[in-house]
Each structure stands twice: as structure tokens, then as C-alpha cells.
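Notes for the one structure printed next.
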Amino acid sequence: MLRSVKEITGYILLGTDDEIGRCRDFLFEDQHWAVRYMVAETGKWLPGQKVLISPISLGEPEWNSRRFPVDLTKDQIKNSPPLEHDMPVSREYEARYFDYYGYPYYWVGGGLWGVEAYPTGLLSRRNEQFPEEKAVRQNNEPNHLRSCGEVEGYHIEATDDSIGHVEDFIVEEDSWIIRYAVIDTRNWLPGGKKVVISPSWVKAVIWNDEKVVVDLTKDQIKNSPEFDPSTPINREYEAQLYDFYGRPRYW
């Protein structure tokens, strides 16, 4: 199932013993285009502190009531490694975070989630020892984490012109990989529409200029299948999209 990041933002987060707060943003890793953390707003019970929740700890959402179960207690979250306000999330911090919860590192191993294809697989391997992790813990490699909320609004640069801006992201529910960026073309095209593009068609992201450069022409994007945010993306729409661009299907 594919879900909109904007749709999930604002959901109430339910810990195992009490309400935690609300979802306010997501951090994705720009190499694999996978969401690595939900950013939670905790309200009065933990004021002035940014809280990250890994998809490893997220349960099955209650879509109708807009609630998201979290397999953590309030004390676990309160005692987790604190983040400095508005500071980037470093790999060093991630290592401390994963060590605290006993999760295997998602950046060690050949899968999308380290030694697993899905984040829930890491939950079942909590506190397992992986020799590679010690070396990774010491080399302080960059982690390439970006805020979904920050990238919303970035301009889209086609191969021949500018066309639209990023409005939303569509994530795969089980793997938390970003399958599509939603592009709004209304400010660039008369009678413009919303379309989606796959991150695999992105050539580069110019962070300082707030631009996403894609390997597509302006006319291709202009004439691509329209995206309706009120209708869930299904396989039929995806097949139409990939066939239009002449790209191999990911499934």
C-alpha cells in the first residue's frame, strides 16, 4: 500500500502506555530514498525536545481514526539520546540511538534496512551482535538525512526547463521507501496538474538552490498521467505511468 506523507503528518502517536504526541515530519535518506525516522511533536510532557521514532517501532496505523501505534513507552522515549535543537542528525547520534534501543544499524548490510528488507525485520533481531557495526561506529560516515517538509517546495528542473515544485511524497507502507514525489505544475503551466515521478528518475538534488533535477523533459512531465491525491495509487496507475515514460517497472 502506498501512502502520502502529508496524509500521515498530524496523526496521533500512541505509545504502549500513553499518548506520545503527533507526527510532524519525516527524515529520509537521500541515497536510497527511504524514510528513516518520523519526527514527533511531544507537546507538554516533553517540552522543547525533538523526538525521532524509527519505522522499526511503528505499528499498523489506524487510518480512519488517524492514529499511529508506537511500540515504545513514554519512559523509553524520554530517556533516549537527546537531540540538540535544530541540529542535523549525525551518524554518531544515529549509532547512539540504535544502540539505546538495541536495533541493528540500517546502514550496515546489503538490504534496504541493513540486514533486512523491511524495518520490522530489525525489530525481531533486537540486541543481535553484528561485527561490522563496530567499524562503522568509528568511521563517522555521513548519513544523508533530509527533511521531507524541507524538500516540499523545491523546484523541479527538467532537462530543458523548469516545471513545477515538490508538493508531497508517496511512501510504501511496509518498506518505508519513497516511491514517488508529487509534483505540482500549476505555477508553471496554464491549467497545470499534479503528477508523480519516481526518485529513480532524479539525476541530482541541488540542496543549496532548492532544486530537484530530473532526467525527463518538460513535455514528458506535462503530458504524463495526472495524479489525483484523493485516489490511492494502484498498480494500474503505476503501470500506465511507467509505460508512458518507457521505464522498467520496479515490481
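The values are calculated or read from the model by the stated rules, or taken from the named source; none is laboratory data. Predicted model only: the values in this text are computed from it and were never measured. When we count neighbours, we look across all protein chains shown, and the Cβ atoms used for this are built from the backbone with ideal geometry, even at glycine. Areas reflect the complete protein model, heavy atoms only, side chains present, ligands, DNA and RNA absent. Shrake-Rupley method; radii C 1.70, N 1.55, O 1.52, S 1.80 Å.
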Pick from the range 159-176, criterion small (Gly, Ala, Ser) and open to solvent by less than 10 Å² (accessible area, probe 1.4 Å), ranking: farthest from Pro190 (Cα to Cα): Ser175
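Do you know which of the residues in the range 189-200 that are farther than 25 Å from Pro119 by Cβ and in contact with a strand residue (DSSP E or B) (Cβ under 9 Å, 6 or more places away or on another chain) is least open to solvent (accessible area, probe 1.4 Å)?
Going residue by residue through the range 189-200, those that are farther than 25 Å from Pro119 by Cβ are 189-195.
With in contact with a strand residue (DSSP E or B) (Cβ under 9 Å, 6 or more places away or on another chain) added as a condition, the list becomes 189, 192-195.
On the way: Leu189: 22, Gly192: 22, Lys193: 44, Lys194: 46, Val195: 0 Å².
The residue in question is Val195.
Please pick out the residue among Gly102, Gly43 that is at positive phi and touching a strand residue (DSSP E or B) at 6+ places or on another chain (Cβ under 9 Å). It would help to see each step written out before you state the result.
Numbers: Gly102 fails: touching a strand residue (DSSP E or B) at 6+ places or on another chain (Cβ under 9 Å).
Of the residues listed, the single one that is at positive phi and touching a strand residue (DSSP E or B) at 6+ places or on another chain (Cβ under 9 Å) is Gly43.
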Condition set touching a Lys or Arg at 6+ places or on another chain (Cβ under 8 Å) and of a type in the set (Ser, Thr, Tyr), scope the range 1-27, selection surrounded by the most Cβ atoms within 10 Å (Cβ to Cβ): answer is Tyr11
Those residues of the range 210-232 which are touching a His at 6+ places or on another chain (Cβ under 8 Å) and open to solvent by 30 Å² or more (accessible area, probe 1.4 Å), in sequence order: Glu210, Lys211
In the range 58-89, which residues are outside any loop (DSSP other than H, G, I, E, B) and open to solvent by less than 60 Å² (accessible area, probe 1.4 Å)? Leu58, Phe68, Pro69, Val70, Lys74, Ile77
Within the range 147-251, considering only helices (runs of 4 or more DSSP H) that don't extend past its boundaries, which have at least 1 residues that are within 20 Å of His32 (Cβ to Cβ) and within 17 Å of the chain's Cα centre (by Cα)? 148-151
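Answer with yes or no whether Gly109 is modelled with pLDDT of 90 or more and over 19 Å from the mean Cα position of the chain (by Cα).
Values: modelled with pLDDT of 90 or more: no; over 19 Å from the mean Cα position of the chain (by Cα): yes.
Answer is no for this residue.
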Can you tell me which of Arg235, Arg186 is open to solvent by 10 Å² or more (accessible area, probe 1.4 Å), closer than 30 Å to Ser57 by Cα, without any contact (Cβ under 8 Å) to a residue 24 or more places away in the chain and among the basic types (Lys, Arg)? Arg235
